[in-house]
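Read-outs: derived from the displayed coordinates by stated rules, not from any lab. Quick caveat: nothing in here was measured; it's all calculated off a predicted structure. Here the Cβ positions follow ideal geometry from the backbone for every residue, glycine too, while neighbour counts run over all protein chains shown.
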Amino acid sequence: MPETKRYITTPIYYVNDKPHIGHAYSTIAADVLARYWRTKLGNANVRFSTGTDENSKKTIEAAELAGQDTKAYADSMATLWRGTWDSLGISYDHFIRTTEPAHHKAAQHFVQKLYDAGDITKGDYEGLYCYRCEQFYKEDELANGKCPVHKIELEVVKEENYFFDLPKYAQLVKDWITGPTDPIGPVSRKNEVLAFIDHGLEKISISRANQAWGIEVPFDASQKVYVWVDALINYLTVAGYPDANYQQWSHQFHHIVGKDIIKFHCIIWPAMLLAAGEALPQTVFAHGFFTIEGEKISKSLGNSIDPLALTAQYGNDALRYYLLREIPFGSDGDFSHARFEAVYNADLANELGNLVQRVAKMITQYCDGKLAPGEPQTHDIAGVEAALEQCRFDVALKEIWVRIRGLNQLVEEEKPWVLAKSDRAQLEKVLAHLAGDLRQIATLLEPFLPKTASEIKRVFGGATIDTSVGILFPKLAPAKAD
Ligand code: MSP
């Protein structure tokens, strides 16, 4: 059955820190998908959510450090995150905060459902907990006795709390992963998740005792819902759960996540959805992580890049292009300033920006801004669309650039400045062809480079070409050697 609706999501981000470029990566990729699907299915049939994960112990710590009340701190950080996405032009439909009453209601309703299904039991828990990851680790997962991600000492947590019967759903989750919808991408991550299930699952703790901040467990006011369970439920909250009609959206989820959080999204969340009788996600696509100039992004190294600092200098579209063209989505990669500038100059300033300006100028200069009726465009766009639909953003952009290069070559071969003196008919044909192709390229570019695409459409869209075309991507001076 052809798909008629899509709900695209990003992870919801912790508010103990500012947004960095790694977070912008997930959010921009999801934005490209949302923009693309809106053109295919119509605005009303696509939703896109992002937001903030606020009920973590890390929020309390960060607020204390900032000398603020926890809620006031969370409010100011949520404003910062939302403002960052607004500045980056992220077209989210719903920005969810897990401190919202609507989310509390959804989370409590959902946890109660698990309890009523008989999948929650009380028990003693003793484990090693990393507060940075907000998760327990088993002995065999540690790196030299420390957290494998943050390399910090883990806290021994011993308390009575509630457990969800994850092993009960292992086979059903496996059937979903290996079933005909093939929901997990890329395949390397799918295999990682399957191997993890085969290694054996255990019941998981879904509540915390002695925590002042968070969502109360509905059947035991002395406990709070474990922050990861609360965070995953955000996907139902944004669908309108548990109110009427939430299922029109809860059946349509396409989650974009980083590779660090696949077990939560591909094992724990589907198991809980099954237990609560809810639909499973359509897809979960996990992208890789990138380093900055070869180094892991870390608070202690102080190397995290504020995406707004980059876009203030290069523009939103340039950041979108670099991140999605340079790093194959799903693989790990590196962010380098030198490489960013090289790609900006070569692909955006020289190949695309110059072409647009040159063609507009020639139409103005040789034809008074008027175009002969263009030939119908016969280019096949299926390859670009298929790549985009499979989250192969680099491949889609490469294909678009093959066409851009083709047009630059056409200008060099046809030499409109010579045709202007020798062959008027051919001149008009060539310029109409260039403008027509650029219009189609703008349509293909729209999800990736929305501002640039709309500028190209504005310039070449009307009967008369707009002569006021500015420089789309001002060329950067080459970096000085030290
Ligand atoms: N709050 C949880 C997610 C809950 S979703 C129900 C969380 N938040 S986070 O603030 O730590 O953000 C994690 C996400 O940020 C990763 O999954 C990934 O999407 C993105 N990235 C963080 N660092 C990154 C890189 N270095 N590279 C690429 N993406 C990165 O986990």
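Odds and ends about this structure:
- The mean of 1/r over all pairs of different alpha-carbon atoms in the range 400-482, once inverted, gives a Kirkwood hydrodynamic radius of 14.5 Å.
- Based on C-alpha pairs under 8 angstrom that are at least 6 apart in sequence, the range 209-264 has a relative contact order of 21 percent.
- In summary, the aspartates and glutamates within cross-link reach of Lys421, defined as a Cα separation below 17 angstrom excluding same-chain residues under 8 places away, comprise Asp368, Glu412, Glu413.
- The Rg/Rh ratio for the range 46-199, using Cα coordinates for both the radius of gyration and the Kirkwood hydrodynamic radius, is 0.99.
- Cα-projected label distance for Arg358 with Glu412, points at 7 Å along beta-carbon direction, nm: 0.8
- P(r) tail fraction, the chain - alpha-carbon pairs more than 45 Å apart, %: 20
- Histogrammed with a bin width of 5 Å, the alpha carbon distances of the range 326-390 distribute as 3, 12, 11, 13, 19, 16, 11, 8, 5, 2 percent, first bin at zero.
- 3J(HN,Hα) along the range 419-435, derived from phi through the Karplus expression 6.51 cos²θ - 1.76 cosθ + 1.60 where θ = phi - 60°, amounts to 4, 4, 9, 10, 8, 4, 4, 5, 4, 5, 5, 5, 5, 5, 5, 4, 5 Hz, with x in place of Gly and Pro.
- Computed about its Cα centre, the charge dipole of the chain is approximately 1240 debye, with only Lys, Arg, Asp and Glu carrying charge at their Cβ.
- For the range 241-330, the relative contact order works out to 27 percent when only alpha carbon pairs closer than 8 Å and six or more residues apart are counted.
- Charged side chains reduced to their Cβ positions (Lys and Arg at +1, Asp and Glu at -1) give the range 338-447 a dipole of some 360 debye around its Cα centre.
- Relative frequency of Cα-Cα separations exceeding 18 Å in the range 222-288, percent: 36
- Altogether, the Stokes-Einstein calculation at 4 °C and 1.567 mPa s, with the Kirkwood radius of the range 168-211 over Cα pairs as Rh, returns a diffusion coefficient of 108 µm²/s.
- Pairs from the list Lys122/Lys168; Lys158/Lys224; Lys18/Lys57; Lys190/Lys299 with a Cα-Cα gap above 18 Å: Lys190/Lys299.
- Proximal aspartates and glutamates to Lys457, defined as alpha-carbon separation beneath 12 angstrom and excluding residues fewer than eight positions away on the same chain: Asp437, Glu446, Asp466
- Of all DSSP beta bridges in the chain, antiparallel share, percent nearest 5: 50
- Rg and Dmax of the range 354-439, both derived from C-alpha coordinates alone, stand at 14.7, 47 Å.
- For the range 36-82: rounded, prolate or oblate by the Cα gyration tensor [a/c cutoff 1.5]: prolate
- Relative contact order %, the chain, counting alpha carbon pairs below 8 Å whose residues are six or more apart: 15
- Our note on the geometry: Cα centres of the range 281-357 and the range 94-125, 37 Å apart.
- Debye intensity ratio in log₁₀ form over the Cα atoms of the range 114-225, taken at each q of 0.14, 0.18 Å⁻¹: -0.74, -1.09
- Here the gap between Glu160 and Arg405, fully extended at 0.36 nm per residue and compared with their Cα-Cα distance, gives a gain of 81.8 nm.
- Remark: the Thr178-Lys370 segment gains 63.5 nm on full extension, using 0.36 nm per residue and subtracting the alpha carbon distance.
- Cα gyration tensor shape of the range 274-393, rounded if a/c is under 1.5, else prolate or oblate by comparing a/b with b/c: oblate
- Stokes-Einstein diffusion for the range 334-482 at 25 °C, viscosity 0.890 mPa s, with a Kirkwood radius from C-alpha pairs, works out to 151 µm²/s.
- Using just its DSSP H runs of length 4 or more, each adding -39500 (n - 2.57), the chain gives a mean residue ellipticity at 222 nm of -14000 deg cm²/dmol after division by all residues.
- Cα gyration tensor shape of the range 417-464, rounded if a/c is under 1.5, else prolate or oblate by comparing a/b with b/c: prolate
- For the pair Glu351 and Ser222, the difference between a 0.36 nm per residue extended length and the Cα-Cα distance amounts to 40.2 nm.
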